[in-house]
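Have a look at the structure below, then the notes.
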Amino acid sequence: MAGGSAGGNNAKRGGQHFGVAGAGLLGRLLAFELLQRGHRVSLFDPAPSLTQAPPAGDPARAAAWTAAGMLSPTAELECANEAVFQLGLDSLHRWPGVVDTLRRTGHFMPNEVVLTRAGSLLLAHRGDEGAAQRTLALLNKKAPASHRPQALTAAELKALEPDIHGPAHAWLLPHEGHIHTVRTMAALGAWALAHGATFHGGEAGQVLAVPPGELHTAQGSQRRVHRFDHVFDVRGVGARPELPVRGGDPGFTPQVRGVRGEVFWLYAPGVALHRPVRLLHPRWRVYVVPRPGNLVVVGATEIESEDRSPVSLRSTLELLSAAHSVLPGLAEARVVHSEANLRPALPDNLPASTHQPGLSCINGLFRHGWLIAPALVHQALHTLNLAAPASPHPVPA
Ligand SMILES: Cc1cc2nc3c(=O)[nH]c(=O)nc-3n(C[C@H](O)[C@H](O)[C@H](O)COP(=O)(O)OP(=O)(O)OC[C@H]3O[C@@H](n4cnc5c(N)ncnc54)[C@H](O)[C@@H]3O)c2cc1C
């Protein structure tokens, strides 16, 4: 579908009618939950399709397509707080239900590996102990004892990941996981269309304003007003400048900003990796995440810039050298894709949800959106008294 509207037997359903501005990660999860409860959902996004990602660099390419998909409540404590940690634990319990529903309805192949809970690894080279110890001290201070990093011997590391060579130190975070972001985005989009959502894409999906109960779009020079029982503004970086004040404090207007992140996809058929690894390094934050099909994702820079242009030479050298330093088998890997995208962040780098009659805004998921989105969506539905089904016969998942 190249723009315009698609899908939707919304009219045949009961419940309330929700307008969702932004069909990124939050928008799709909201649609998934609301449709299951028997409500009607209209999704708006400048992307032309719900099932295929726009090309790299396109502003309509949601950050969620680019994300590596690490689900790392403990490791994220390096830059997050207790609330994000708890949202992460909650989401880790919710993701299997989402993936199972998508699989049961035929949106994943029966044996397709989409979600794993095999933990993640922190690695450090000899000489980088200072940086590693600083990060570990922070994680040990912020995480409960049950979720702290567990030091591994060389033999234990080899048993878990035989292809890792080089780091002098390794720690296991046993409660972490990862998700295939591209497959999950596409499956959530297809599921929403198959379960009655209406999609307004392309120019018709570019939301210009979000007053309570309304979404404003343009058709040529004509302004169009779409009315709903309630609207969600989940446009990520695109929500600027309308995001309302946090917690009703009129003195604080959160400004969403984009934080550039660059990633590579490597085709590496000779390299076996079973869980995400992060290298603790004094200058770079580097991770390598396995994907089915002999792929690994190497990421990600964190640059205070709203530039979606292609990956820089410096980032290429730094990220790929660092990845190669722990997985030497990557030497012959082929770079099949690289891209940059923007993480939506608020000034304190923490997520924020605001609710008023007719309008809810959720934003600021920063670098842990996949980690926390299912829990944030459930919190929002709970606040709006939407946790229960709208009708005695909600849509079967
Ligand atoms: C390089 C990189 C790596 C990442 N790695 C991870 C990771 O490993 N783990 C993790 O948990 N998170 C990760 N993230 C973060 C995660 O992707 C984001 O936090 C998450 O996607 C935010 O979800 P969202 O729905 O708020 O925004 P998005 O996913 O960006 O979706 C916003 C949507 O709004 C649409 N939109 C914009 N403007 C308008 C408009 N005017 N009208 C209508 N729609 C509009 C956009 O087209 C888009 O589809 C990463 C992000 C990046 C960039």
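The values are calculated or read from the model by the stated rules, or taken from the named source; none is laboratory data. Bear in mind that the values here come from a model prediction, so they are computed numbers and not experimental data. In this analysis, Cβ positions are derived from the backbone assuming ideal geometry, glycine residues included, and neighbour counts consider all displayed protein chains. The protein model used for the area step is the full one, side chains on, heavy atoms only, and it has no ligands, DNA or RNA in it. Shrake-Rupley method; radii C 1.70, N 1.55, O 1.52, S 1.80 Å.
Descriptive notes on the structure:
- Loop-located GluC sites (Glu not before Pro) in the range 78-117 (DSSP state not H, G, I, E or B) with no more than 16 neighbouring Cβ atoms inside 10 Å: GLU112.
- C-alpha long axis of helix 313-326 to longest principal axis of the chain, angle in °: 60
- Enclosing the Cα atoms of the range 89-232 in their convex hull gives a volume equal to 214 cubic angstrom per residue.
- Selection from HIS107, LEU122, GLN86, by position along the positive dipole direction of the range 82-124 (Cβ): HIS107
- At most 12 other Cβ within 10 Å, DSSP loop - trypsin sites (Lys or Arg not before Pro), the range 114-212: ARG126
- Angle between the chain longest axis and helix 369-383 axis [Cα atoms, degrees, rounded to 10]: 40
- Farthest positive-ward along the range 196-336 dipole, Cα basis, beta-carbon charges - from GLY261, GLY293, LEU313: GLY293
- Distance from the C-alpha centroid of the range 141-167 to that of the range 270-319: 20 Å, rounded to the whole angstrom.
- Charge dipole of the chain (Cα centre as origin; +1 on each Lys and Arg Cβ, -1 on each Asp and Glu Cβ, all else neutral): 500 debye, rounded to the nearest 20.
- Carbon plus sulfur fraction of accessible area for the range 62-114, probe 1.4 Å, in percent: 56
- Computed from Cα positions, the angle between helix 82-104 and the longest principal axis of the chain comes to roughly 70 degrees.
- In whole percents, the pair-distance distribution calculated for the chain from its alpha-carbon pairs, binned every 10 Å from zero, is 5, 23, 33, 24, 12, 3, 0.
- Long-range HN-HN contacts of ALA209 with modeled amide H, under 5 Å: HIS216
- Converting phi to 3J(HN,Hα) with the Karplus coefficients 6.51, -1.76 and 1.60 and the offset θ = phi - 60°, the range 328-342 yields x, x, 6, 3, 9, 5, 9, 7, 9, 6, 8, 6, 10, 8, 10 Hz in sequence order, with x at every glycine or proline.
- Mean shadow area of the range 249-336 over all directions, Cα convex hull, nm²: 7.8
- Surface per residue (accessible, 1.4 Å probe) for the chain, Å²: 41
- Working note: Karplus 6.51/-1.76/1.60 with θ = phi - 60° gives the range 135-146 the couplings 5, 5, 4, 5, 5, 5, 6, 8, 8, x, 3, 5 Hz, where Gly and Pro are set to x.
- Restricting the calculation to alpha carbons of the range 9-114 gives Rg and Dmax of 15.9, 48 angstrom.
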